[in-house]
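K.L.:
Encoded as structure tokens, here's the structure I'll be asking about.
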Amino acid sequence: MLFPPANSRNEPPRVVITGAGIVTALGIGWNENAEGFRTGRTAFRPVTLFDVSRQRVKSAAELDLPEDLPATRLSKKLARRLDRGTKMLLLAAHEAWTQAALDLCSDIPLVCGTTSGGMSLGEEYFRQATLSPSRRRQQPTRALHYLAQTQVRFIAEALDLHGPVTIIANACASGANAIGYAYEMLCRGRADRALVGGYDALSLLVFSGFDSLQTLSPTGCRPFDVDRDGLTLGEGAAVMALETLESAQGRHAAILGEIIGYGAAIDRHHLTQPHPEGDAALETMTAACAAAGINAAEVDYVNAHGTGTLLNDSAEATAINRWGGDHAANLSVSSTKANVGHLLGAAGAVEAVVCLITLREQWLPPQVTMKNPDPVCRFPMVRQPTNARVNIALSNSFGFGGANATLILRRWT
Amino acid sequence: MSGIYVCGVGAVSPAGWGVLPLRAALSKGVSLPAKPISRPGWERPLLIREVPVPSPRPAFFAHPRLRRASPITLYAAGAGLEALESAAATGAAQPAKLGLVICILAGCIQYSYRFFDETLKDPVTASPLLFPETVFNAPASHLAALLERPPLTYTLLGDPATFLQGLALGADWLLEERVEGCLVVGAEETNWLLADVLWHFDHSAVLAGGAGAIYLTRSPGESAGVKMSLITDAQCYTTRQSRAQAAQKMRCTLPVGAPDELLCDSTQARPHADAAERAAWSDWAGERLSPKAVLGEGLMAAGAWQCVAACDALAGQHFRAANISIVGANQQAIGARFVRSGG
């Protein structure tokens, strides 16, 4: 039953991560991304997916999809017809599912965050409906595949998952909110396992939207740099297999890390601008810490939302300063959007997986392109590849419309 | 375990702004007139059922965040405010912490259409005012700003059964005492492009816009006389479970039914589309109400209208209990049960 819930346990279970998959412009899978983020490689290049000749900005972190997708229950024909976003999600989900060895577990909820679903298919539908209205060919398929629930259902079909599907569209916090939603679902005892993540592919409408707002950087994404002038868009997906500790141990699954806290809040200040003092960001970081039973001094690394826009970064820096207090001077902070751009609905999930990788491999992802940190940052930015002892990592995600979310992950030893 | 109560309902539909016109239209049981809408390149127009322009103009339209908002936001706000006002009218306290869950299938289609049209003509002239309104969670953001209170706001995407997932999420927040009240809204808007999409799947379907809202609390004293009794598991459509099987499985989770109970279903007098749901409920002994047959294919709004209509009927003491059946188009079948409470 979705309601009423089964009698809750006295103590919420611990929620661990037993699988992770990641797809960004740095590469496909854990290893390629780990190496890219560890060395601070950037993945921006001219956009080739659509015409940007009349746009103010012409680059993004576009990724190269492999010719073949992993073998799943989807037919090759259907797999070929999937749109970019679904292919990315499938690659990430397959990696997480394989790593977690969930092949014998089918009744698994699937929770995904996205901002635009199959937008490129929606664009094709629009073009044909307006430019060649008498042509109907492919239009029903485009309409159907445009829907996020269809895309996520393809993942369920591919991996033979029969659990409920939930799709969260809280703008750029969608991926983090999806992980938080699944984490809470497991804490409530509604499921023992969940596959959860976020995805978004580059599309003309979204690219034009950010360009029209003049939030895209003409010079390159440099979060928290005093000379920053905007964000750069990217695309990708990340998926985690979450599991109660009892379930993971019961099937002798390898545990990669633990989610220990989640906080969500709404910033009502403006549709596209954060509160200048970062009130909602402070609220989510504080709430996540309270849920985790830790304080800021115990956090070793903050993966900031850090889009590279003037307003976001100053508000977030202020919030981190307020949240960290005296400890802020000791916090290691970076934004991996400097490497792979802003992945919108995928951002929160990708950045959570980056945190997991840092916890597993004990290094901090640097922003090697940063030149002059904004003086508002009272915390040290990670600017060079750095090996470090990382026990707890915090990831911020803030979205259009004021959806804010914070996740806290702990190293599993 | 404490219960979850329906404390207020609100609706915006082709029948008008409010639950009263919705109730009147459903009690007549006659399909509302549809309006032709032209489709470029086609001689035959499509049919839609639009929300009428409200008269007088609601005061909230002048809120700074809503002045340029798309219709879906205005519909969501209209239904949401009515639900909260109807709760206040029955003596419910203003919650200090209000949760907000907005459920959407197509979303802000009008501004998306306009913005993409401008982009294709020349991206340089595409309006920066339009783009933020195209984002799925724009209605949630505007409504949160209007209500000033929500500490928690989620936007869920999916087919119309997702509205019941939204109610379950709101109930979870209430049971965990993270909020004192939770407003769950399903909303959609119309334009020719979305009507064109629908036409590809069913030439006789009539697209409709609007919103429905349910305000939940834990306090039986604040109840409008309706308790949320259960929401079934989500029965997803897969290669192993057809839509008909999912509908049947959902139906089996709900009580058999009695003559003094209501079934509020998602059929719309279109035999092919309704077949799975009709088969699942072929044994139903009580009365039936099919809002979509009167109002049209309101997508997520229709899922919300079903719940609003059922709760309204229970509050009016016409029935002892009401079952909701939502057999979504391409994702899942979910059912729910509301019962009359003594509050």
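K.L.:
Within the set of other residues whose C-beta is less than 9 Å from the C-beta of residue A:235, count the net charge using Lys and Arg as +1 and Asp and Glu as -1. Spell out each step's value before the answer.
P.N.:
Values: positive: A:84; negative: A:62, A:200.
Neighbour charge sum, excluding residue A:235 itself: -1.
K.L.:
In the protein assembly as shown, how does Rg compare with the Kirkwood Rh, expressed as the Rg/Rh ratio over alpha carbon atoms? Please report the intermediate quantities before stating the final value.
P.N.:
Numbers: Rg = 24.3 Å, Rh = 25.6 Å.
Answer for the protein assembly as shown: 0.95.
K.L.:
For chain B, which span is the longest to avoid every loop-located (per DSSP) member of GluC sites (Glu not before Pro) having at most 11 other Cβ atoms inside 10 Å?
P.N.:
On the way: sites that count: B:43, B:148, B:177.
My reading of the result: B:178-343 is the longest stretch.
K.L.:
Also: Let me see the P(r) profile for region B:1-69: every Cα-Cα distance counted, bins of 5 Å, each bin given as a percent of all pairs.
P.N.:
Spelled out bin by bin, region B:1-69 gives 3, 12, 14, 16, 15, 15, 13, 7, 3, 1, 1, 0 percent.
K.L.:
Right, another one. Please report the base-10 log of the normalised intensity I(q)/I(0) for region A:144-258, using a Debye sum with one equal scatterer per alpha carbon and no solvent, at each q in 0.12, 0.14, 0.23 (1/Å).
P.N.:
-0.60, -0.75, -1.34
K.L.:
Take the Cα atoms of region B:258-305, find their three principal axes, and give me the spread along each one in whole Å, biggest first.
P.N.:
28, 22, 15
K.L.:
A further question follows. Of A:162, A:323, A:390, which is farthest on the positive side of the dipole of chain A, counting Cα position, with +1 on Lys and Arg Cβ, -1 on Asp and Glu Cβ, and the Cα centre as origin?
P.N.:
Selected residue: A:162.
K.L.:
Next question. How would you rank A:305, A:275, A:269, B:142, going from fewest to most other Cβ atoms within 10 Å of each one's own Cβ?
P.N.:
Values: A:305 30, A:275 20, A:269 16, B:142 26.
Exposure proxy ranking, most exposed first: A:269, A:275, B:142, A:305.
K.L.:
In a shell of Cβ-Cβ distance under 14 Å around residue B:280, excluding residue B:280 itself, what net charge do Lys and Arg (+1) and Asp and Glu (-1) give? Can you show the working numbers first?
P.N.:
Numbers: positive: B:243, B:249, B:251, B:278, B:288; negative: B:265, B:274, B:277, B:283.
Local charge sum for residue B:280: +1.
K.L.:
Going by how many other beta carbons lie within 10 Å of each one, how would you line up B:217, B:239, A:318, fewest first? Could you put the intermediate results ahead of the total?
P.N.:
Values: B:217 25, B:239 9, A:318 21.
The fewest-first ordering by Cβ neighbours comes to B:239, A:318, B:217.
K.L.:
Still on this structure, I have one more. Taking the square root of 5 times each eigenvalue of the Cα gyration tensor, what semi-axes in Å does the equivalent ellipsoid of chain A have, largest first?
P.N.:
Its equivalent ellipsoid spans semi-axes of 30, 28, 19 Å.
K.L.:
Follow-up question, since we're still on this one. On alpha carbon coordinates alone, what is the Rg over Rh value for region B:4-222, Rh being the Kirkwood radius?
P.N.:
On the way: Rg = 17.9 Å, Rh = 18.1 Å.
That ratio equals 0.99.
K.L.:
Can I ask one more? Taking GluC sites (Glu not before Pro) as candidate sites, keep only those in a DSSP loop with at most 16 other Cβ atoms within 10 Å, then name the longest stretch of chain A containing none of them.
P.N.:
On the way: sites that count: A:67, A:277.
In chain A, the maximal stretch lacking such sites is A:68-276.
K.L.:
Could I have the simple spin-label model distance between residue B:93 and residue A:290, label points 7 Å from Cα toward Cβ, reported in nm to one decimal?
P.N.:
That separation, rounded to one decimal, is 1.9 nm.
K.L.:
Pairs on different chains or at least eight residues apart, Cα atoms closer than 25 Å: how many lysine pairs in the protein assembly as shown fit?
P.N.:
14
K.L.:
Let me ask something else. How big is the convex hull of the Cα atoms of region A:1-125, per residue, in Å³? Mind dumping the intermediate values first?
P.N.:
Numbers: hull volume 25.2 nm³, N = 125.
Cα-based convex hull of region A:1-125, divided per residue, equals 201 Å³.
K.L.:
Now for a different question. What distance in nm separates the two pseudo spin-label positions at residue B:178 and residue A:137, each 7 Å out from Cα along the beta-carbon direction?
P.N.:
So the two model labels end up 4.9 nm from each other.
K.L.:
Could I ask something else about it? Can you list, bin by bin at 10 Å, the percent of alpha carbon pairs in region B:226-340, starting at 0?
P.N.:
15, 51, 31, 3, 0
K.L.:
Taking springs between alpha-carbon atoms closer than 10 angstrom, which of B:161, B:126, B:211 fluctuates most in the Gaussian network model of chain B?
P.N.:
Of the options given, B:126 has the highest mean-square fluctuation.
K.L.:
Ok, one more. Cα centroids of region B:257-329 and region A:334-413: how far apart, whole angstrom?
P.N.:
So the two Cα centres are separated by 48 Å.
K.L.:
Now, a different point. Where the Cα atoms of region A:15-250 are projected onto their three principal axes, how long is each span, largest first, in whole Å?
P.N.:
Extents along the principal axes: 57, 53, 32 Å.
K.L.:
Comparing B:285, B:321, B:83, which has the greatest mean-square fluctuation in the GNM of chain B with Cα pairs linked when under 10 Å apart?
P.N.:
Of the options given, B:285 has the highest mean-square fluctuation.
K.L.:
In what order do B:39, A:153 fall by count of nearby beta-carbon atoms within 10 Å, going from fewest to most?
P.N.:
On the way: B:39 18, A:153 21.
Fewest to most other Cβ atoms nearby, the residues stand as B:39, A:153.
K.L.:
What does the charge count around residue B:191 come to, taking other residues whose C-beta lies under 12 Å from its C-beta (Lys +1, Arg +1, Asp -1, Glu -1)? Don't skip to the end; give the middle numbers.
P.N.:
Numbers: positive: B:39, B:114; negative: B:50, B:117, B:188, B:189, B:196.
In short, -3.
K.L.:
Quick check on region A:262-411: take the gyration tensor over C-alpha atoms, sort the square-rooted eigenvalues as a ≥ b ≥ c, and tell me if it's rounded (a/c under 1.5), prolate or oblate.
P.N.:
Values: a/c = 1.36, a/b = 1.21, b/c = 1.12.
Cα axes put region A:262-411 in the rounded bin.
Each value in this text was obtained by applying a stated rule to the coordinates, not by laboratory testing. Remember, it's a predicted structure, so these values are computed and weren't measured experimentally. Note that each Cβ is placed from the backbone with ideal geometry, even for glycine, and that neighbours are counted across all protein chains shown.
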